[in-house]
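Chemist: The structure under discussion is supplied below as structure tokens; questions concerning it will follow.
The values are calculated or read from the model by the stated rules, or taken from the named source; none is laboratory data. Bear in mind the structure is a predicted one, so any value in this text is a computation, not a measurement. Here the Cβ positions follow ideal geometry from the backbone for every residue, glycine too, while neighbour counts run over all protein chains shown.
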Amino acid sequence: MEKFKEKIRVRIISLSLITSLVCLINVILLTNRSRLPEISDFILGFQSGVFIGLILILVFCLMKFLASMKSDEALKKLYIQENDERRQLIGYKTSVFTTVGMLILLAFATVVAGFFNEIVFFTLLGVLAALLILLYATLIYFKKTI
């Protein structure tokens, strides 16, 4: 259990650093807004929402890990939750079906966008290519490591 406790400590430190970095980036971008190109209120609201949502998720995870460090019972519960084979299989299956679904939707959207707008077409094509490269890179990595 000490090994798992150390793993949680590392996660807490990492999440603290990431949360601080996200907050710092948000503050820098908001204070330098006048130097950046003009954008619509909708995009500014979307960006603000993404930053706020990301910060809230990071803080929630941080609180969960901090709470688990306070008692051995909570730590054991977290350990069981993270190492549950059924949950791991559900996560794996979800990831596989989501990836395949995203590839199909992106390919379809790329074809449809080609009929209407060249910029959108090439943007979606780039996203599709990046997703395929990432998919094959992780496939090669896991074939060599597992």
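Chemist: Any chance you could count how many residues in region 54-80 are in contact with a helix residue (DSSP H, G or I) (Cβ under 7 Å, 6 or more places away or on another chain) and either within 29 Å of residue 135 (Cα to Cα) or touching a residue at least 24 places away in the same chain (Cβ under 8 Å) (or both)?
Modeler: 13
Chemist: Also: For a quick check of your reading of the model, give me the residue pairs whose first member lies in region 1-26 and is farther than 21 Å from residue 71 by Cα and assigned by TED's automatic domain parsing to the domain that holds residue 49, whose second is at pLDDT below 90 and part of a helix (DSSP H, G or I), with beta-carbon atoms closer than 7 Å and at least 6 apart or on different chains.
Modeler: Pairs that qualify, where the first residue is farther than 21 Å from residue 71 by Cα and assigned by TED's automatic domain parsing to the domain that holds residue 49 and the partner is at pLDDT below 90 and part of a helix (DSSP H, G or I): there are none.
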